[in-house]
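S.K.: Please read through the structure below; I'll follow up with questions.
Values in this text are rule-based calculations from the coordinates and carry no lab data. Nothing here was measured: the structure is a model prediction, and the numbers come from that model. Cβ coordinates were reconstructed from backbone atoms using ideal geometry, including for glycine residues, and neighbour counts include every protein chain displayed.
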Amino acid sequence: MSCSTGKICLHILSLAQLMAFLPNHKPKKMSLGPLETEILEIVWQLKVATVKGVHDRILQDPNRELAYTSVTTVLRRLTEKGWLKCSKKDRAFSWQALVSSEEAKALQSYEKLNCFLAVSNPDVVASFADSLDAASIKQIDAIAARLNAIRRQREEEK
């Protein structure tokens, strides 16, 4: 969105407004290590995953070695962090993601934005906005247009 000065303006939503766009479920712990991320991506692909299914996927790469028990440990940790839910049928365990990959990206972006805004220095934010490239400016314009449409819709519903 362009201001009268020709500079880029960032219109920041309140936390309550931002939260309306986020999924209802938020993992207890957002940080993920590289192996956790890899295994979570496999679970997203499989929809319902078993230790064997995840282990087999990882070992499709002939240069990889990973113990079966390591996969079990990581699936358990992802469950404890709130990324997955574990189900048991008879003696078999399976895991499903509690958030989609798109929801995870939104949550992670939200966390990063909060960290950036926590700087609480308008000069830093303005400097960042002023240094954006043309593609980023187009994205901000598209976001602003979408936000305006959402706000208009809300006003019409009142």
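S.K.: Which entries in the list Lys81/Lys138; Lys47/Lys112; Lys85/Lys158; Lys26/Lys52; Lys29/Lys89 go over 31 Å, if you measure between the two C-alpha atoms of each? Present the calculation step by step, with values, prior to reporting the outcome.
M.R.: Values: Lys81/Lys138 36 Å; Lys47/Lys112 27 Å; Lys85/Lys158 38 Å; Lys26/Lys52 27 Å; Lys29/Lys89 27 Å.
Table pairs above 31 Å Cα-Cα are Lys81/Lys138; Lys85/Lys158.
S.K.: Then there is this: Based on Cβ point charges of +1 for Lys and Arg and -1 for Asp and Glu, what charge dipole magnitude is obtained for segment 54-158 about its Cα centre, in debye rounded to the nearest 20? Before the final figure, lay out the partial values.
M.R.: Working: 17 positive and 15 negative charges, 122 e Å.
With only Lys, Arg, Asp and Glu charged at Cβ, the dipole is about 580 debye.
S.K.: Further question: Would you kindly calculate the translational diffusion coefficient of segment 34-97, applying Stokes-Einstein with the Kirkwood radius from alpha carbon pairs, for 4 °C and a viscosity of 1.567 mPa s, and quote it in µm² s⁻¹ without decimals?
M.R.: Working: Rh = 11.7 Å.
Value of D from the Cα-based Kirkwood radius: 111 µm²/s.
S.K.: Given points 7 Å out from each Cα along the Cα-Cβ axis, report the Ala129 to Thr72 separation in nanometres with one decimal.
M.R.: Each label point is offset 7 Å from its Cα along the Cβ direction, giving 5.3 nm.
S.K.: Full extension from Asn121 to Asp90: what is 0.36 nm times the residue separation minus their Cα-Cα distance, to one decimal in nm? Don't skip to the answer; put the middle values down first.
M.R.: On the way: separation 31, 0.36 × 31 = 11.16 nm, distance 5.61 nm.
Gain on extension, Asn121 to Asp90, equals 5.6 nm.
S.K.: Compute the length gained on full extension between Lys158 and Ile143: take 0.36 nm times their separation in residues and subtract their Cα-Cα distance, giving the result in nm to one decimal.
M.R.: Values: separation 15, 0.36 × 15 = 5.40 nm, distance 2.29 nm.
Answer, rounded to one decimal: 3.1 nm.
S.K.: Now for a separate question. Thinking of the chain as a set of Cα atoms, what percent of all their pairs are more than 18 Å apart? Can you show the working numbers first?
M.R.: Working: 8483 of 12403 pairs.
Of all Cα-Cα distances in the chain, 68 percent exceed 18 Å.
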